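The values are calculated or read from the model by the stated rules, or taken from the named source; none is laboratory data. The model shown is predicted, which means the values in this text are computed figures rather than measured ones. Glycine also receives a Cβ, built like all others from the backbone with ideal geometry; neighbour counts cover every protein chain displayed. In case anyone asks, the SASA skips ligands and DNA or RNA and just uses the protein heavy atoms, side chains included. Shrake-Rupley method; radii C 1.70, N 1.55, O 1.52, S 1.80 Å.
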Amino acid sequence: MIITDYSMPGMTGFDLLREIKKSKYHKDVPVIIMSSENVPSRINRCLEEGAEEFFLKPVQLSDVKKLKPHLLKYGAKTGTVYSVLLVGSKASTCSFWRPRSSRESEAGFWKGLSAIEMN
C-alpha cells in the first residue's frame, strides 16, 4: 500500500497515482491520498483514477481503520505480507513498514500504523 500526500514537490499525489496505475507491476497496489485541502473536484478525480481512499488531514483513527479491507484484499490477491510506503510532502519524508515475521504481520501492522501521525 502506498499512502501519499497530494501536495509534493515535483509531482502531485494525483500524478503519482496515475504513474502507479499505468505500471504493469504496480497497478494493483492500493493507493491512499491525503491532503489538508478539501477540494471536492480533486478528491473525486483521485478516486475516479483509482485511489482507494482520499483522507483529509488531520487523519483520524476512523480513517486508518478504513485501510484494513484494502490491505486484506491486496494481500489475498497477491499472497504478500502487508507493507506500507508513506510518502510525505517533503522530498526526504518516506517511511516503509514491513513485518519481520508472519506472526508480527497483522497485529504489529495495525498497532504500528495506528501510532503513525499523518497530519
Selection count where residues are open to solvent by 70 Å² or more (accessible area, probe 1.4 Å) and closer than 15 Å to D15 by Cα, scope the stretch 26-40: 2
Scope the stretch 11-23; condition of a type in the set (D, E, K, R) and either touching a residue at least 24 places away in the same chain (Cβ under 8 Å) or in a loop (DSSP other than H, G, I, E, B) (or both); matching residues: R18, K21
Residue match in the stretch 83-104 (condition: modelled with pLDDT of 90 or more, of a type outside the set (D, E, K, R) and part of a helix (DSSP H, G or I)): no
Selected residue [open to solvent by less than 70 Å² (accessible area, probe 1.4 Å) and assigned to a helix (DSSP H, G or I)] from V59, V64: V64
Any pair with Cβ under 8 angstrom, 6 or more apart, that starts in the stretch 59-88 at a residue that is over 27 Å from S7 (Cβ atoms) and ends at one that is modelled with pLDDT of 70 or more and open to solvent by 70 Å² or more (accessible area, probe 1.4 Å): K77/D28; T78/D28
Contacts under 8 angstrom Cβ, first residue in the stretch 24-42 being farther than 11 Å from F55 by Cβ and in a loop (DSSP other than H, G, I, E, B), partner among the charged types (D, E, K, R) and open to solvent by less than 80 Å² (accessible area, probe 1.4 Å), 6 or more apart: K27/K21; P30/E52
Identity of the residue in the stretch 1-19, buried (at least 19 other Cβ atoms within 10 Å of the Cβ) and in contact with a His (Cβ under 9 Å, 6 or more places away or on another chain), that ends up nearest to L67 (Cα to Cα): M1
